[in-house]
1. For the chain, with a Gaussian network of springs between Cα atoms less than 10 Å apart, report the residue from Ala39, Ala298, Ala272 with the top mean-square fluctuation.
2. Taking the chain as the reference, fit the longest principal axis to its C-alpha atoms, fit the long axis of helix 219-229 to the helix C-alpha atoms, and give the angle between the two in degrees, 0 to 90, nearest 10.
3. Based on the mean of other beta carbon atoms within 10 Å per residue, what is the order of 227-238, 106-117, most packed first?
4. Quick check: Cα centre of region 278-307 to Cα centre of region 77-92, how many Å?
5. Where is the GNM fluctuation largest for the chain (alpha-carbon springs, 10 angstrom cutoff): Gly95, Gly250, Gly303?
6. By how many nm would the segment from Ala323 to Phe203 lengthen if fully extended, with 0.36 nm per residue of separation less the alpha-carbon distance?
7. Using Cβ contacts closer than 10 Å as the measure, can you line up Ile89, Ile102 from fewest to most?
8. Calculate for the chain the 222 nm mean residue ellipticity that helices alone would give, adding -39,500 (n - 2.57) per DSSP H run of length 4 or more and normalising by residue count, nearest 500 deg cm²/dmol.
Amino acid sequence: MAHTVPGRFAGMAIDQASQMFLEALAKPGAPAIHESTPAVARMSGPILAGMSGKGPEVGAVEAFRLATRDGDEIRMRVMKPEGVAKSVIVYFHGGGWVIGDIDLQYDNLARQLCVKTQSVVVLVNYRKAPEYRFPTAIEDSLAGLEWAAEHKRDLAGSDVPLIVAGDSAGGNIAAVMTLRARDAGGPHIDYQVLVYPVTDCDFDRPSYVAPENQLLLNRDTMIWFWDHYLPTGDRTHPDASPLRAKDLSGLPPALVYLAECDPLHDEGAEYASALNEAGVEVEVSIAEGQMHAFFQMANILPGFDVGVDYVSERINAHLNKLAEG
C-alpha cells in the first residue's frame, strides 16, 4: 500500500483483500447499515472484534469512569507502555457517532499504538447518538481530553507531548478538540492525527457520489449517521463541521491520512488544504487501494498493518522532532 499526496483518483481500484472482505459480508438478506436500526448496526462490532482478536500486550491497562458535565459518566481506558512513555495519545474512535466502542477493535488499535509509539493511549467512550445527540460526543470527548491533560504527569511520569487522534467520526472529534482547546487557551495539544476524518456535512462532493466509493461506507450510510447525530440544527457549526470554521490558524501540526476509495476522501483533503492555507504544518497522504474503516481492521485487512505502522512512524518522527527542539 503506497502513500501519496492527494490529487484526483488515479486508479480507484480497491485492493483484493478489501474486495474479498466485502464479498464475504454480502450475505443475502443482510440489511445495509442505513436500512437498519442503531441497535442492529451495533451488533456488527463484536463480530469484527472476534475476527481482530486481542492486540499486543502492553505494560498496564487501567479502566475507570469519568464524570461528565451533565452528571452522567463515561468509560475510559488507559494503555501504558513498558518503560518510559514518550507521549500521551488521546484517541477518539470512529463509528459515525452512533456505533463503535472502546472495548472492541479499538482496544486492539490502542494497544498497537501504545507499543509502536511507546506512548500512553487514552480511549474515550463518548456517548452515542441517537440516545445522546450532538454536542454530547464533543462535550464528553473534551472532558476526556482535559482529564488526560490534567493527569499527564501521572500517566507518563513526566511532561510529555499531548496528541489527539481519531478516525472517521473520531477524526472529526479530534479536529474539533484542537479548535476548542485553541479557543479556550488549553489544554496544549502538540500534534493531531486525523484518519479519514468527517470534516463537513456536504454529501455531494465528487468522492461522496462516486459509484466506485459506495463500499463498506457509502453516501446513504453517512446520511443515516448524520440524521441520528444531528437531525436538526446547524450542521455547519464548527463543532460538527470543522471545515466550516472561520479560522484554522494556530492549530497543532497535523497528519491527515486518507483512504483512496472513500466517500470522505475529498472533505479530508480539503481540510488538509485549509489547514495548510491557515499556516498550520500539515502532512497529508493517501492509503492507496483502501476503503473507509480499514484503520480498524486488525487481522482482517493487511491495509491495517501498513496503516498503523505508517501512523506510528509519523507520530514517532514528530516526537523526535519535538525532542530535538
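Computed from the coordinates by the stated procedures, all read-outs in this text should not be read as laboratory data. For clarity, every value in this text was computed on a predicted model and none was experimentally measured. Please note: Cβ atoms are built from the backbone with ideal geometry, for glycine as well, and neighbour counts cover all protein chains shown.
1. Ala39
2. Between helix and principal axis, roughly 50 degrees.
3. Working: 227-238: 15.6, 106-117: 23.4.
Highest to lowest by the protection proxy: 106-117, 227-238.
4. About 21 Å separates the Cα centre of region 278-307 from the one of region 77-92.
5. Answer for the Gaussian network model of the chain: Gly250.
6. Numbers: separation 120, 0.36 × 120 = 43.20 nm, distance 4.12 nm.
Net length gain for the segment: 39.1 nm.
7. Ranking Ile89, Ile102 by Cβ neighbours within 10 Å, fewest first, gives Ile102, Ile89.
8. -11500 deg cm²/dmol
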